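Chemist: Attaching a single structure in structure tokens format; questions to follow.
The values are calculated or read from the model by the stated rules, or taken from the named source; none is laboratory data. Predicted, not measured: the structure shown is a model, and the values here were computed from it. Cβ placement follows ideal geometry from the backbone for every residue including glycine, while neighbour counts extend to all protein chains displayed. To get the accessible areas, we keep the full protein, side chains included, count just its heavy atoms, and leave off ligands, DNA and RNA. Shrake-Rupley method; radii C 1.70, N 1.55, O 1.52, S 1.80 Å.
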Amino acid sequence: MRPRILPAFVAVLVAAAAGGAGHAVAGASPAAPPPTAGPPPAVQVHEQAHDWRNVEIVGGGFVTGIEYHPTEPGLVYARTDIGGAYRWDTGTGRWLPLTDWIGWDDYNLLGIDSVALDPSDPDRVYLAAGAYSQEWASTAAILRSSDRGETWDRVDLPFRLGGNEPGRSIGERLVVDPHDSDILLLGTRDDGLWRSTDRGATWAEFGDLPSPGLAGIGVGPVLFDPASGEDGAPTPVVYAAVAGEDTPLYRSDDGGRTWDPVPGQPTGLIPHQAALAGDGVLHVSYGDLPGPYEMYDGAVHSYDPEAGTWTDITPLRPNEGAEDGFGYGGLAVDPTDPDTLMVATMGRWGPVDDIFRTTDGGQNWVSIQEGQHLDTSVSPFLDWGETPKLGWMIGDLEIDPFDPGSVRYVTGATIFGTDDVTPADAGAPTDWSVRAEGLEETAVLDLVSLPGGPLISGLGDIGGFTHHDLTTSPPAGMHQNPILGNTTSLDHAAHDPDTVVRAGTGGDTWAAYSTDAGDSWQPFPTQPPSSTGGGTIAVSADGGAVVWTPEDGTAHRTTDLGRTWAPAAGLPEGLTVRSDRVDAAVFHAVDPEEGAHYRSDDGGASFALVGDDLPATGQAQWKAVPGVAGEVWLATGWGGLHRSTDSGESYVQVLDEAHTVGFGAPAPGATAPAVFVTGVVDGVRGVFRSDDAGATWVRVNDDDHQYGWIGQTITGDPDRHGRVYLGTNGRGILYADPVGG
């Protein structure tokens, strides 16, 4: 499984032990005798309905585009780079996820490169789905719905798209002909322009538009001119941009069959967004790079096709070629007033991206940033130590066609909006707030649910959170002191749950500890020598020892909260270490390349090889069982799920395939913790729970709740039987409870 490319938030964040093995502690359940070795026994699988919900963060990833339907009020869609697509629900004031049915094998389809609405039929919506264009990625697909995303039809394409690659917030590549709903055009990354004449059921390469242009960016945006046609016949006039061409903007007068460069156009820049005003004037935002991370030059230009003239209407001229330069991304035209436009800078990391507004066709502009009031109260993590700003990577910006004062725009972390932007026209402040409720688009790297305490998460790009209330974004925001862009590992002391440790990347300090269950943190005062960041971290059952394996480094141990570190003897470099959940002297490490289990019986000071017959799959995620000394469960991916009851000296295989494993509260009347896995049981892939040490399993998810790639982390709730917390790669933290349980 290829690692994802994380949505971009980290760039902003950076700126700114005694006893012996197997000896039970008083009160703990004794270890079970080692089961007989051999192949996994036949397993029974039961179905049980579960209620799935998000742990609320509210945002957290790059929303790459928003589309309003032009004829139905309140019908709005959003696309994301790794988290699928959403539709706005006016009744609840929340975004509804539309692509949670996409499963493990098709995770690449959760990167949405474009969304297209049928202007003639509000029920029809299309997605150009495909996150990556590299050879290892699966090919893209068109997802078609005739019921606003309640159900979908999939049409596979013979090429790849790049919904999580550079240029992912470029204007829509997929468009529906406003006068003939059978016709769709799709600008691809590397394969030119394609057309469908049967509402997306079949596709063929079309027209003589230059291809591929700038490799990996290609054709986009594409837009029909609705004023050029009439219902029942194909719309003749189409505009398309081809990134990397000397003259990047093209026009067709025969529906896309033949193309010519638009005469007199600006050169040397890449079109990012384009919009046609009601008077037929085309407005285009430009950057010198496709974004979203870097732009150093850009402009905004208007083209009057009747006069054949171009006008430079750039609000603020970048410092061309300088490292603090910037370009332009999001652009919108008021559908009720062709002279009212809004445009956003992109790549302006210092001082900050801004949005500009004009009511006279670009002759005069006002800055939204200078007078904005920004309410981030539903997403406190956006206010990390300074006054909130409008955001960054503002690749799309839309004015409500039925309420011109209402505006939404996307960022690298959320959606913002206002109900009335018009005070800006008189130089007065405007009020903006987060409009991302229901949209959760984070990559979850680790989870810990503390007994009697909160859920603590490690996330990509926004560090992590301590959730005392799963229904609210934590008031304290993301973990600080230090702020980590990516939190790669978490652990807590089994006998002292208030003691928690975390490690990650994104700053000068890569690990920290908490003595109040994650409510506050202290960085370790020193770090192991030659540390390169992140890696994995473990704390002994009593909290007295911490073993940290920095990324690509040697495991080191501290017994004084990081004032001093010493190498853990006997371990190959780079191995993840975990603590026994009962015996404070015991730590475990597994080498996934060699299929070997190492154990420390002296609090992590030294390790010895105790077993070497595990599957050498290159993948190993394992955890020790709470309350049972010496019991370890190991998920080796396609090598299966394995269980040891003798501290790693021997294992028995439980399942043929498992990628994550975690534990939760025992079933009523039982003593063994519930076991949760993501993997395959009886030929079905999903999320499963066993209450009897793997003899039988319950499928926790269903075909409507698959969430793409779910091979990173899982854990149960130690206080509530049946509750599972699932870390996803783009849909945030999810949790499920049995219905009626």
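Chemist: Do we find a residue being surrounded by fewer than 24 Cβ atoms within 10 Å (Cβ to Cβ), within 29 Å of Val378 (Cβ to Cβ) and over 19 Å from the mean Cα position of the chain (by Cα) anywhere in the stretch 500-509?
Modeler: Yes, because at least one residue in the stretch 500-509 is surrounded by fewer than 24 Cβ atoms within 10 Å (Cβ to Cβ), within 29 Å of Val378 (Cβ to Cβ) and over 19 Å from the mean Cα position of the chain (by Cα).
Chemist: Now for a different question. Give the residue that is farthest from Pro666 (Cα to Cα), with candidates limited to residues of the stretch 608-641 that are hydrophobic (A, V, I, L, M, F, W, C) and in a loop (DSSP other than H, G, I, E, B).
Modeler: Keep residues of the stretch 608-641 that are hydrophobic (A, V, I, L, M, F, W, C), which gives 608-610, 614, 616, 620, 622, 624-625, 628-629, 632-635, 638, 641.
After this cut, where a residue has to be in a loop (DSSP other than H, G, I, E, B) as well, the list is 614, 616, 620, 625, 629, 638.
Values: Leu614: 28, Ala616: 31, Ala620: 25, Val625: 12, Ala629: 16, Trp638: 27 Å.
Taking the candidates together, the pick is Ala616.
Chemist: Residue by residue through the stretch 141-177, note down the ones that are aromatic (Phe, Trp, Tyr) and either open to solvent by less than 10 Å² (accessible area, probe 1.4 Å) or under 24 Å from Gly255 (Cα atoms) (or both). Please lay out each step first, then the result.
Modeler: Of the residues in the stretch 141-177, the ones aromatic (Phe, Trp, Tyr) are 152, 159.
The answer is Phe159, and nothing else.
Chemist: From the set of residues in the stretch 590-607 that are more than 14 Å from Asp580 (Cβ to Cβ) and not in a strand (DSSP E or B), which is modelled with the highest pLDDT? Full working, then the answer.
Modeler: Filtering the stretch 590-607 down to residues more than 14 Å from Asp580 (Cβ to Cβ) leaves 591-596, 605-606.
Adding the requirement that they be not in a strand (DSSP E or B) leaves 592-595, 605.
Working: Pro592: 95, Glu593: 94, Glu594: 95, Gly595: 95, Ala605: 98.
Once the filter is applied, the top-ranked residue is Ala605.
Chemist: Name the residue that is surrounded by the most Cβ atoms within 10 Å (Cβ to Cβ), counting only residues in the stretch 450-465 that are within 19 Å of the chain's Cα centre (by Cα) and aliphatic (A, V, I, L, M).
Modeler: Initially, the stretch 450-465 is screened for residues within 19 Å of the chain's Cα centre (by Cα), giving 456-465.
Filter again for aliphatic (A, V, I, L, M), leaving 456, 459, 462.
Working: Ile456: 25, Leu459: 30, Ile462: 32.
Top of the filtered list is Ile462.
Chemist: Out of Ser138, Ser196, Ser181, Ser133, report the one residue that is touching a helix residue (DSSP H, G or I) at 6+ places or on another chain (Cβ under 9 Å) and polar (S, T, N, Q).
Modeler: One residue alone meets the criteria, Ser138.
Chemist: Tell me whether the stretch 708-728 contains one or more residues that are more than 17 Å from Asp105 (Cβ to Cβ), of a type in the set (Asp, Glu) and at pLDDT below 95. So that I can check it myself, show each step before the final result.
Modeler: Taking the stretch 708-728 and keeping what is more than 17 Å from Asp105 (Cβ to Cβ), we get 713-727.
After this cut, where a residue has to be of a type in the set (Asp, Glu) as well, the list is 717, 719.
Next, from what is left, pick out any that are at pLDDT below 95: none.
No, that holds for no residue.
Chemist: Going through Gly391, Gly395, Gly412 one at a time, which residue ends up being on the phi > 0 side of the Ramachandran plot, assigned to a loop (DSSP other than H, G, I, E, B) and buried (at least 18 other Cβ atoms within 10 Å of the Cβ)? Don't jump to the end; show me each part of the working.
Modeler: Numbers: Gly395 fails: on the phi > 0 side of the Ramachandran plot; Gly412 fails: on the phi > 0 side of the Ramachandran plot.
From the options Gly391, Gly395, Gly412, the qualifying one is Gly391.
Chemist: Quick one: in the stretch 118-136, of everything that is at pLDDT 95 or above and surrounded by fewer than 24 Cβ atoms within 10 Å (Cβ to Cβ), which residue is nearest to Glu441 (Cα to Cα)? Steps first, please.
Modeler: Filtering the stretch 118-136 down to residues at pLDDT 95 or above leaves 118-132.
Filter again for surrounded by fewer than 24 Cβ atoms within 10 Å (Cβ to Cβ), leaving 118-124, 132.
Numbers: Asp118: 26, Pro119: 28, Ser120: 31, Asp121: 29, Pro122: 26, Asp123: 25, Arg124: 24, Tyr132: 17 Å.
Selected residue: Tyr132.
Chemist: For the stretch 368-388, which positions are of a type in the set (Gly, Ala, Ser) and either open to solvent by 60 Å² or more (accessible area, probe 1.4 Å) or at pLDDT 95 or above (or both)? Walk me through how you get there before you give the answer.
Modeler: We begin by selecting, within the stretch 368-388, every residue of a type in the set (Gly, Ala, Ser); these are 371, 377, 379, 385.
Residues satisfying the conditions are Ser377, Ser379, Gly385.
Chemist: Next up: What are the pairs, 6+ residues apart or on separate chains, where a residue within the stretch 525-540 that is on the phi < 0 side of the Ramachandran plot and surrounded by fewer than 23 Cβ atoms within 10 Å (Cβ to Cβ) has its Cβ under 6 Å from a residue that is in a strand (DSSP E or B) and of a type in the set (Ser, Thr, Tyr)?
Modeler: Listed pairs, sorted by first residue: Thr536/Ser489; Thr536/Thr549.
Chemist: Also, quick follow-up: Step by step: first the residues of the stretch 192-222, then only those that are surrounded by fewer than 18 Cβ atoms within 10 Å (Cβ to Cβ) and among the β-branched types (Val, Ile, Thr), then the one that is farthest from Leu331 (Cα to Cα). Which residue is that?
Modeler: The extreme case among them is Thr202.
Chemist: Scanning for something out of contact with any strand residue (DSSP E or B) (no Cβ under 8 Å at 6 or more places or on another chain), under 26 Å from Glu56 (Cβ atoms) and part of a loop (DSSP other than H, G, I, E, B), does the stretch 688-697 turn up at least one residue? It would help to see each step written out before you state the result.
Modeler: Filtering the stretch 688-697 down to residues out of contact with any strand residue (DSSP E or B) (no Cβ under 8 Å at 6 or more places or on another chain) leaves 692.
Filter once more, so that each one left must be under 26 Å from Glu56 (Cβ atoms): none.
Within the stretch 688-697, none of the residues are out of contact with any strand residue (DSSP E or B) (no Cβ under 8 Å at 6 or more places or on another chain), under 26 Å from Glu56 (Cβ atoms) and part of a loop (DSSP other than H, G, I, E, B).
Chemist: Given Pro234, Pro292, Pro315, which one is under 36 Å from the mean Cα position of the chain (by Cα), over 21 Å from Arg168 (Cα atoms) and in a loop (DSSP other than H, G, I, E, B)? So that I can check it myself, show each step before the final result.
Modeler: Values: Pro234 fails: under 36 Å from the mean Cα position of the chain (by Cα); Pro292 fails: over 21 Å from Arg168 (Cα atoms).
Residue meeting the stated conditions: Pro315.
Chemist: Are any residues in the stretch 237-286 of a type in the set (Phe, Trp, Tyr) and assigned to a loop (DSSP other than H, G, I, E, B), and if so, which ones?
Modeler: At the first step, the residues of the stretch 237-286 found to be of a type in the set (Phe, Trp, Tyr) are 239, 250, 259, 286.
Correct list: Trp259 only.
Chemist: Within the stretch 646-664, take every residue that is open to solvent by 10 Å² or more (accessible area, probe 1.4 Å) and more than 26 Å from the chain's Cα centre (by Cα) and give me the one that is nearest to Thr696 (Cα to Cα). Quick ask: steps written out before the conclusion?
Modeler: Here is the first cut: in the stretch 646-664, the residues open to solvent by 10 Å² or more (accessible area, probe 1.4 Å) are 646, 649-654, 656-657, 663.
Among the residues that remain, those that are also more than 26 Å from the chain's Cα centre (by Cα) are: 646, 649-654, 656.
Details: Asp646: 22, Glu649: 25, Ser650: 22, Tyr651: 19, Val652: 16, Gln653: 14, Val654: 10, Asp656: 14 Å.
So the residue we want is Val654.
Chemist: For the stretch 504-549, list the strands (runs of 3 or more DSSP E) that sit wholly inside it and hold at least 2 residues that are touching an Asp or Glu at 6+ places or on another chain (Cβ under 6 Å); which are they?
Modeler: Numbers: elements: 511-514, 536-539, 546-549.
In the stretch 504-549, the matching strands (runs of 3 or more DSSP E) lie at 536-539.
Chemist: Which fully enclosed strands (runs of 3 or more DSSP E) of the stretch 1-105 have 3 or more residues being out of contact with any Ser or Thr (no Cβ under 7 Å at 6 or more places or on another chain), at pLDDT below 50 and closer than 26 Å to Arg124 by Cβ? First the steps, then the outcome.
Modeler: Values: elements: 44-47, 50-54, 63-68, 76-80, 85-89, 94-97.
Hits in the stretch 1-105: none.
Chemist: Would you mind telling me which numbered condition in (1) modelled with pLDDT of 95 or more; (2) open to solvent by 10 Å² or more (accessible area, probe 1.4 Å) Arg189 fails?
Modeler: Condition (2) is where Arg189 drops out.
Chemist: Within the set of pairs 6+ apart or on separate chains, which have a first residue in the stretch 164-192 that is more than 26 Å from Gly347 (Cβ to Cβ), a second that is aromatic (Phe, Trp, Tyr) and assigned to a loop (DSSP other than H, G, I, E, B), and C-beta atoms under 6 Å apart?
Modeler: Matching pairs, first to second residue: Asp191/Phe159.
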